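Student: The structure is given below, and queries will be raised subsequently.
The values are calculated or read from the model by the stated rules, or taken from the named source; none is laboratory data. All values reported here derive from a predicted model rather than from experimental measurement. For neighbour counting, all protein chains shown are included, and Cβ atoms are generated from backbone atoms with ideal geometry for every residue, glycine included. When the accessible area is computed, the model is the full protein with side chains, heavy atoms only, and any ligands, DNA or RNA have been set aside. Shrake-Rupley method; radii C 1.70, N 1.55, O 1.52, S 1.80 Å.
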Amino acid sequence: MKRFLLAWVLAIGLVTSPWSSTAFAQSTTAKVLVLYDAPPNDPYTKLGFAYAIMLRNLLGHFNSDVTLAPVSSYTAGSVENYQAAFYLGSYYDNPIPSAFLADVAKTSKTVVWFKYNLWQLAWDASYGFTARSGLTFSSLRGLSAAPSSSNPAPDFFDTVTYKNMSMVKYYAYNASTGVVSADPDIGVTAVADSTKASALVTIKDSKTGEQAPYVVRAGNFWYFADLPLSYIGPRDRYLVLCDLLHDILGTNQPVLHRALVRLEDVNALTTTSSMNTLTDYLYSVHIPFSIATIPLYEDPLGAYNGGVALTIHLNQATGLKQSLNYALARGGKIVMHGYTHQYDSTPNIDNAVSGNDYEFWLATQNRPVDEDSQQWASNRLSAGLQEFSSNGYTPFAWEAPHYQSSPLAMKAVPPLFKNTYQRAVYYTSDTPDLNSGAPNHDYSVGQFFPYIINSDYYGQRIIPENLGNIEYNICSIDPFSCLTYTWNDLYTNAQYALVVRDGFASFFFHPFWLEPDLKTPGLQDFKSLVQGISALGYTWVAADTAQ
Ligand SMILES: [Zn+2]
């Protein structure tokens, strides 16, 4: 069974104005500068870079040319070479070069500042920040108390209200380890001159009701009170940033809400009855769909075959080919989902069976596999494509098993696939060292997208999947399938996705939930979700032609 994909939180912040804002059309490539904190020889040295990669990926939705650089490398006047500059203040009191502060204080180019260190600009009278922007910066606010077993969830500014939706920031506290998983700090600003600045979005402390500005704008200057790239989720203030980027970059994107559905982990052992039932339903309601297909089935340990190793090539997978042919004639399109969707005869998290294990990432050790290289990955991708083409099939996109590949494996994708259809994990180096807490260690960050990314950090075009998938707790049958995620959960995610003006509702579904022996209401829930998404106003489209 497929492991649960809900937990995509990151473990690891119109007014007239003398600051005129320069809008540009999407037909013009926007040169964008992303500056991040990289304090030397610190366990968090590379975290800022990880956030910069995430922002760069979102900017890949737009016609943009993005430069990433540590803020410490900034040289005077650079901001004038870009249409917009973003500064990600992720490290408390990281010293900001005076050249950058002075340029922010006087440029008419768009500047977007996140979370920390605004005080270095706002509290130095020589920059005239308040006189020019009409904004003041007063303080940082975080948790109201240190969490403890008797007070595990102290209040903080946890709820961002945007387009009538309450977006709740992630918070978790482990009382036995004392570890807090949250990013509760915000920078508190106020509008001192409403002719120059305004608060566009507010954040509140849901326990006390206290409010503070979350996004403020003074002409070309924007400030986000936190870093909306930490602990992201499908109902999170991350979506506020995703949406406001259209305004920040001055595009004229109209409201456009499309829906996508993908049948998942389809392989030689997927039953034709489950596939044909789903195909018949989608065809009957005129909904095009994708089929994430594993071309080569491997069960090297015979985990599902009485201890006898089993390999099934696509040309031997009679039932699978029947299912695909039936679906292709009724609006289905093939996505290549791994070559084997497992690694070798060593369990790579589960039991080495296709559809269960990681293929391009050694999940058991959280590192690339020993033979990892762009060529190694390219050879596997090519072998998978060969399985398809020799049987007359042409996949339109790639989807990495469990949405995680090594950096080099991801670089192998764009030369072979015009599209990917997925979420992805990003790394702060091509040979990431993720398993130490030492200074300068690497970070990995998982990211989903509410819209199409033309080119991500590794050059992949990404068709989004942002709602997740229906899961039933079948622990008694499969100890790797113990969580529940209902169609209503996905429906709620789809409601939140509407705050992004061109946000998709894109989900996937495993045909095995239709198998009678699992005794789940899979088909009925699938239909309920499809109908619910339609009722929200989304238009179902074909993933292979979506632009
Ligand atoms: Zn899969």
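Student: Which net charge results for the neighbourhood of K411, defined as the other residues with beta-carbon distances under 13 angstrom from its beta-carbon, given Lys and Arg at +1 and Asp and Glu at -1?
Tutor: -3
Student: Taking θ as phi - 60°, what are the ³J(HN,Hα) couplings along the range 542-547 by the Karplus curve (6.51, -1.76, 1.60), each to the nearest whole Hz, with x for Gly and Pro?
Tutor: 7, 5, 6, 10, 5, 10
Student: Once you've got the Cα coordinates, tell me which of K106/K163; K115/K207; K109/K196; K106/K204 are over 27 Å apart.
Tutor: Over 27 Å Cα-Cα: K106/K163; K106/K204.
Student: Follow-up question, since we're still on this one. Let a ≥ b ≥ c be the square roots of the eigenvalues of the Cα gyration tensor of the range 81-218; is it rounded (a/c under 1.5), or, if not, prolate (a/b larger than b/c) or oblate?
Tutor: prolate
Student: Quote the charge dipole size of the chain about the Cα centre in Debye, to the nearest 20; the model charges only the Cβ of Lys and Arg (+1) and of Asp and Glu (-1).
Tutor: 1440 debye
Student: Could you state the number of Å between the C-alpha centres of the range 404-431 and the range 112-144?
Tutor: The two parts, judged by their Cα centres, are 38 Å apart.
Student: Write down Rg/Rh for the range 259-465, rounded to two decimals, with Rg from the C-alpha atoms and Rh from the Kirkwood relation over Cα pairs.
Tutor: 0.98
Student: Same structure again: Can you return the lysines within cross-link range of K418? Criterion is Cα-Cα under 21 Å, with same-chain partners fewer than 8 residues away left out.
Tutor: List returned: K333.
Student: Still on this structure, I have one more. Using the Karplus curve 6.51 cos²θ - 1.76 cosθ + 1.60 with θ = phi - 60°, what ³J(HN,Hα) values do you get for each residue of the range 164-171, in whole Hz, with x for Gly and Pro?
Tutor: Per residue, the Karplus-derived 3J(HN,Hα) values read 6, 10, 9, 9, 9, 6, 5, 8 Hz.
Student: Ok, one more. When ligands, DNA and RNA are left out and all protein chains stay put, how many square angstrom of accessible area per residue does the chain have with a 1.4 Å probe?
Tutor: 36 Å²
Student: Towards the positive end of the charge dipole of the chain, with charges on Cβ (+1 Lys, Arg; -1 Asp, Glu), say which of S389, L523, L260 has the farthest Cα.
Tutor: L260
Student: Modelled label-to-label distance, S382 and A99, 7 Å Cα→beta-carbon offset: nm?
Tutor: With each label placed 7 Å out from Cα toward Cβ, I get 4.5 nm.
Student: Continuing with the same structure: Hey, what D do you get for the chain in µm²/s if you plug the Kirkwood alpha-carbon radius into Stokes-Einstein at 37 °C and 0.692 mPa s?
Tutor: Details: Rh = 24.6 Å.
Rounded to a whole number, D works out at 133 µm²/s.
Student: Can I ask one more? Applying the Karplus parametrisation 6.51 cos²θ - 1.76 cosθ + 1.60 with θ = phi - 60° to the phi angles of the range 144-150, what ³J(HN,Hα) value in whole Hz is obtained for each residue in order, glycine and proline being reported as x?
Tutor: 6, 7, 6, x, 8, 5, 7
Student: Which of the three applies to the range 331-388, rounded, prolate or oblate, going by the alpha-carbon gyration tensor with a ≥ b ≥ c and a/c under 1.5 meaning rounded?
Tutor: Cα axes put the range 331-388 in the oblate bin.
Student: Enter the Cα centre distance for the pair the range 224-250 and the range 170-212, rounded to the nearest angstrom.
Tutor: Taking the Cα centre of the range 170-212 as reference, the centre of the range 224-250 is 14 Å away.
Student: Mind ordering 320-331, 135-146 by average Cβ neighbours within 10 Å, highest first? Write down the numbers at each step before the final one.
Tutor: Numbers: 320-331: 18.1, 135-146: 15.3.
Output ranking for 320-331, 135-146: 320-331, 135-146.
Student: A follow-up question, please. Sequence-distant or interchain residues sharing an amide H contact under 5 Å with A397, placed H: which?
Tutor: Close amide H contacts, sequence-distant or interchain: M336.
Student: Please express the Cα-Cα pair-distance distribution P(r) of the range 274-392 as a list of whole percents, one per 10 Å bin, running from 0 to the bin with the greatest distance.
Tutor: 13, 38, 33, 15, 2
Student: Restricting to the chain, what percent of DSSP beta bridges are antiparallel, rounded to 5?
Tutor: Of all bridge pairs located within the chain, approximately 45 percent are antiparallel.
Student: With each run of n ≥ 4 DSSP H residues scored as -39500 (n - 2.57), what mean residue ellipticity at 222 nm is computed for the chain after dividing by its residue count and rounding to the nearest 500 deg cm²/dmol?
Tutor: Helices in the chain give a 222 nm mean residue ellipticity of -6000 deg cm²/dmol.
Student: Taking the chain as a whole, which cysteines find no other cysteine Cβ under 4.7 angstrom from their Cβ?
Tutor: Flagged as lacking a Cys partner: C242.
Student: Taking amide H atoms as placed 1.01 Å from N in the peptide plane, list the residues 5 or more away in sequence, or in a different chain, whose amide H sits under 5 Å from that of G446.
Tutor: It is Y426, by chain and number.
Student: Further question on the same structure: Amide H neighbours of V66 under 5 Å, counting only residues 5+ apart in sequence or on other chains, H built in-plane at 1.01 Å?
Tutor: Result for V66 returns V32.
Student: While we're looking at this one, here's another question. Out of the total accessible area of the chain (probe 1.4 Å, heavy atoms of protein only), what percent is carbon and sulfur?
Tutor: Here it works out to 52 percent.
Student: Turning to a different aspect of this structure: For K519, go through the lysines and keep the ones whose alpha-carbon is under 24 Å away, minus same-chain ones fewer than eight residues off.
Tutor: K2, K527
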